[in-house]
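Just so it is clear, none of the values below were taken in a lab; they were calculated from the coordinates. Remember, predicted model here, so these are calculated numbers, not experimental data. All Cβ positions, even for glycine, are placed from backbone atoms using ideal geometry, and neighbour counts span all protein chains on display.
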Amino acid sequence: MHVDSLNPLEKRTAISLSLVFALRMLGLFMIMPVFAIYGQDLVGYSPMWVGLAIGAYGLTQALLQIPAGMLSDKYGRRPIIYIGLFIFALGSLVAAYSESVYGVTLGRALQGAGAIASAVLALAADVTREEQRPKAMGMIGISIGLAFAVSMVAGPVLAPIIGLKGLFLITALGALTGIAIVHFMVPHIVTKAPRGETVAIPALLGQLAKNPQLLRLNLGIFILHMALTAMFISLPLQLQSMHLAPQNHWHLYLPALLISFILIIPMIIVAAKKEKNKQFYLFAILLMASSLVAMALTEQSLTMMFFCVLLYFTAFNFLEASLPAFISMLSPAGAKGSAMGIYSTYQFLGAFFGGILGGVSYKLLGNSGLFLFLASLMLVWFFISWGMQNPSKIRTHTLTATIKNERHATQLTEQLIDLHGVLEVVIIIEEQTVYIKVNNKIFALQAAKQILVQAERKDV
């Protein structure tokens, strides 16, 4: 086994938790491209309630994401994941058997109450080594993107056959399957990754919420998911008005998504190699704004609408992949779990407010007005992001060490901070953990490990 590869235990964990995440996100996303059309038979249907039903999960997710992560740290990852998936399945059943848009909204809110994202990511961190952890997290991130792509096809294909009820029943089955996967496939381990890497720490939340670099990224994910949710209140109806039958909407979504995944690969590679992450990030925001303006100006041409959606998905997928990585790079040493908890809260709040915004804007402004309004939000995001640091070179390493007392920790901090490329050192004595934030282009990890090894051999 190559030391730079995931070992069999880590592979099994990453694959199984990616499946759990994908099944859950598939259930949340699958309703988006079809609800505005197939929900018209529900009692109380209106654009406002369409938006609330689509985005309701975001509010409960946002409220419970951080508490669920903390509970998983206290009571164990698995119990919280089991409970969350069960609540998600229950919400799916409530939505499936509801005959009104109000009941579906309640069911979607219950789905969101099964907030397991932080617990799943923490479990993945528990089982993986620090140097392999980004790969495992990357696999989970890819699974979310794939779930979104599949949902854009599965929703329009299945809804004419099994209806909204059938989609929600499939979602419930997926949640129960997730419970089985966690129980039978995810290795039962007794180790735990450092808290700072995985879950939110209450004492850090206020400080991180005001961090200007992180705030720019948090507002970014808020606007990104607000626009996505709002757009899917209008886009399916727009396509239907252009004489594309609802069951054929996937003919547009699928190729656009597949090509967009191909297009973002060179973007990601060049951004990383040339250290141009910030520049590509700003370009993607403008690309999304341009695609929304073009949607507003496209009334009858399906070919033109395809290119608009292609540009939108290209920008969306690049930004969706970039934002978590930027949060990880720019978060203070030892605070990644807290930073990601705040980030996830903004993400799900964006989905909730996107539902409200989309419903109101569609009613007042129509399709074109909604698209133009969303484009203006992208320009606001662009100017917010202008002052962002370029995260290309920054990385935080997490090392385990034998730290004997406070004096010992102070000595180690002084030695480590003097290493070339080190930006910040945080040592948590209770966790026997050292966090080192560095310029990864000039930092030598082996030198830091050598200091820790030598310190263990000395009497203090």
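Some notes on this structure:
- Arranged from fewest to most other beta-carbon atoms within 10 Å of their beta carbon, Glu299, Glu424 become Glu299, Glu424.
- Most to least packed among 366-374, 47-55 [average Cβ atoms within 10 Å]: 47-55, 366-374
- Radius, Kirkwood style, for segment 62-111 when every pair of distinct Cα atoms is counted (Å): 11.6
- For segment 229-294, the percent of C-alpha pairs falling in each 5 Å distance bin, counted from 0 to the bin holding the largest distance, reads 4, 14, 16, 22, 17, 12, 8, 5, 2.
- Rounded tilt (10° steps) of 117-127 against the dominant C-alpha axis of the chain: 40
- Counting beta carbons within 10 Å around each of Arg395, Arg133, Arg77, Arg12 and listing the fewest first gives the order Arg12, Arg395, Arg133, Arg77.
- Compactness of segment 188-302 - radius of gyration and Dmax, Cα, Å: 19.7, 59
- Residue-span extension gain [Arg407 to Leu445] - 0.36 nm each, minus C-alpha spacing: 11.4 nm
- Label zone at Gln207, where the point sits 7 Å out along the Cα-to-Cβ direction: segment 413-443 residues whose backbone N lies under 11 Å: 426-427
- Cα centroid separation, segment 5-37 to segment 66-123 (Å): 15
- Here the extension length gained between Leu258 and Leu9 equals 86.6 nm, from 0.36 nm per residue of separation less the Cα-Cα distance.
- Pairwise centroid distance, computed over Cα atoms, of segment 247-306 with segment 334-383, Å: 18
- Rounded tilt (10° steps) of 8-29 against the dominant C-alpha axis of the chain: 30
- Start at zero, step by 5 Å, and the Cα-Cα distances of segment 319-403 spread as 3, 11, 15, 19, 16, 12, 9, 7, 4, 2, 1, 1, 0 percent across the bins.
- Here the simple spin-label model places points 7 Å from the Cα toward Cβ, and for Ser301 and Phe283 these points are separated by 2.4 nm.
- Here the label points at Ser368 and Val157, each 7 Å from Cα along the C-beta direction, are separated by 3.5 nm in the simple model.
- Crossing angle, helix 212-241 versus the chain [Cα axis fit, 0-90 degrees, rounded to tens]: 20
- Computed over neighbours whose Cβ is under 13 Å from that of Gly51, the net charge equals +2, Lys and Arg +1, Asp and Glu -1.
- 13 Å reach of a label modelled at Thr177, 7 Å along Cα-to-Cβ, counting backbone N of segment 7-26: 19-26
- Using all pairs of distinct alpha-carbon atoms, the Kirkwood hydrodynamic radius of the chain works out to 22.9 angstrom.
- Mean-position separation - Cα centroids, segment 203-219 and segment 411-426, in angstrom: 24
- A protection proxy built from the mean count of other Cβ atoms within 10 Å ranks the segments 344-355, 380-391, most packed first, as 344-355, 380-391.
- The chain - mean residue ellipticity at 222 nm from DSSP helices (-39,500 (n - 2.57) per run, n ≥ 4, rounded to 500): -26000 deg cm²/dmol
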